[in-house]
1. Residues to consider are Gly328, Gly340; find the one that is touching a helix residue (DSSP H, G or I) at 6+ places or on another chain (Cβ under 8 Å) and small (Gly, Ala, Ser).
2. Take residues that are free of Cβ contacts under 8 Å to residues at least 40 places away in the same chain, under 17 Å from Pro390 (Cβ atoms) and within 35 Å of the chain's Cα centre (by Cα) and tell me which of the strands (runs of 3 or more DSSP E) falling wholly in region 251-347 contain 3 or more.
3. Restrict the check to region 220-229 and report whether at least one residue is part of a helix (DSSP H, G or I) and at pLDDT 80 or above.
4. Would you point out which residue out of Thr521, Thr494 is among the β-branched types (Val, Ile, Thr), at pLDDT below 95, within 30 Å of Asn315 (Cα to Cα) and not in a strand (DSSP E or B)?
5. Any idea which of (1) in contact with a Ser or Thr (Cβ under 6 Å, 6 or more places away or on another chain); (2) closer than 18 Å to Ala169 by Cβ is the one Arg71 doesn't satisfy?
6. For region 398-410, enumerate the residues that are within 23 Å of Arg499 (Cβ to Cβ) and surrounded by 18 or more Cβ atoms within 10 Å (Cβ to Cβ).
7. Select from region 424-453 the residues that are closer than 15 Å to Phe401 by Cα, polar (S, T, N, Q) and part of a loop (DSSP other than H, G, I, E, B) and list them in ascending order.
8. Exactly one of these conditions fails for Ala327: (1) touching a strand residue (DSSP E or B) at 6+ places or on another chain (Cβ under 6 Å); (2) modelled with pLDDT under 85; (3) more than 11 Å from Asp290 (Cβ to Cβ). Give me its number.
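The values are calculated or read from the model by the stated rules, or taken from the named source; none is laboratory data. Model, not experiment: these values are computed from the prediction. Cβ placement follows ideal geometry from the backbone for every residue including glycine, while neighbour counts extend to all protein chains displayed.
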Amino acid sequence: MRIPVGVRGGRTTADGRAGDRPAGRGPAAWSSRRRGAAALGAGALPALAFPEPSLWWFAYGALVPWILLLRTAPTARRAMVEGWLGGIGFMVAVHHWLLPSLHVFLAVIAALLGLLWAPWGLLVRHLTAGSPAGGRVPAALVLVPSGWLVIELVRSWEGLGGPWGLLGASQWEVSPALRLASVGGVWLVSLLVVAVNTALALLVAVRAARRAAVAGVLVCATAGACAWAWAPQPRESGRLRVALVQPGVVGGADGAERRFDRGEELTRGLAGRGAPPDLVVWGESSVGADLRRRPDLADRLAELAREVGAPLLVNVDARSEGASGPAGIYKSSVLVGPDGLTGDRYDKMRLVPFGEYVPARSLLGWATSVGRAAGEDRLRGTAPVVMTLPGGDRVGPLVCFESAFPDMSRHLVLEGAGLLVAQSATSSFQDSWAPEQHASLGALRAAESGRPMVHATLTGVSAVYGAGGRRIGSPLGTDAAAAEVYGVPRAEGTTLYVRFGDWPVYGALGALAVWAAAGGTRLIRRPAPGPAGRSARTARASAGRPGR
């Protein structure tokens, strides 16, 4: 007589559960310390899919090692620990360039945000462990990506650091993925990427689930093909000439004034270069004084606008009266025409934690002594603004960090913006992955919104994207100090994402809610099927066989 058994603590168990130290080779037999190190490393792997490495194709398999590790977790508690450790690895890898600014805070923040992946680790284990049968395979293909998407939603809150490093954003240069983003935003691309990873993990690990896993991959491929073929796309209608002014690295105690002078010099060089541009864009913090208190600077900008034949969109980082708030330090997009200030001003609404304000400063204010945290909190604007150019084109400005938020660009398009402009400064992270990764977000926002997007920085990378997310012309890299004019196609029409918003997120939440209502929470309280152990023999059958 033979009965299936598992192994727990070196002993066989008749219930088939995975034990703390399963027999055999592979991750299931590793020690807790080795498994923990593997979880940290596996969680960090997806970072290679983002710029600068830009191994976009790697994203479709980067989660497989982590999923394979979680499915062999000996206990539910261990699965949560390894989900948490993998989350730490992911957050540190994707945000490693913040280390000079945050120091020890980077580890603390990663440890806190990594907790978001603990329930996901448990979910992966209970849906994929052992030999999934019945409805567990299709459930895994839906619920594992849904769980990941909910994590991305939660950590996208501004107070938790915002939506930097969303997995779907790694596909910024892949045309089919950008087309998918026009249907459901970066959220739908993330959902697809995690679904493919889940299917591949099942394909590798579970023989009985291979047909369903192959079907899952085919479904994902079919969804991408359908989006490519049928998703409505904006129509091009004429061109705007937009000039980007990138002064490059300017140091010294008088850096703000020297940066202004350099921007002025580069802008003046645009005069006489063929037809005049329709708009000239300077980067974030390109003006270091309130233009209403410094009429001399406002006059110099107005003179530039007359010389070049186009209004200037500059960015003021200075103490001033808010457009609709109290006095303080704001980061503001300000439009200056040939006759001076036009009155169009947008105050940045979403601020970078620690970079532009310190959360709970009374408790965490000491962060300013160990890193580059803001010495004084910036103040927030209260509403988005759409500006109108002399030719009638409408511009929706965003400031730096805000280009990471899909909802902000969508709102500007709903308000009538025909061109999205992000003014940014990443000079503090000049030699890191940050400049290229930040610039890449413009492709996603353009594809989602169906509107061209300009990403203008002080020190690079500055880039321009058409309404479908395709990069236009050559970007200005971190080694450039230049002013370049780009022909930007206008766009008409509305994408499905602009019409319906974040529907993939609601779908993911709904799928998890249905699963929980159908008994999913009860499944969590029960042990998941463990890896198949060797068959055991009865005492009578194994008698006379020493060493068994």
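1. Criteria check complete, one pass: Gly340.
2. Of the strands (runs of 3 or more DSSP E) lying wholly inside region 251-347, none has at least 3 residues that are free of Cβ contacts under 8 Å to residues at least 40 places away in the same chain, under 17 Å from Pro390 (Cβ atoms) and within 35 Å of the chain's Cα centre (by Cα).
3. No, that holds for no residue.
4. On inspection, the qualifying residue turns out to be Thr494.
5. Exception for Arg71: condition (2).
6. Matches in region 398-410: Leu398, Glu402, Ser403, Ala404, Phe405, Pro406, Met408, Ser409, Arg410.
7. Result: Thr426, single match.
8. (3)
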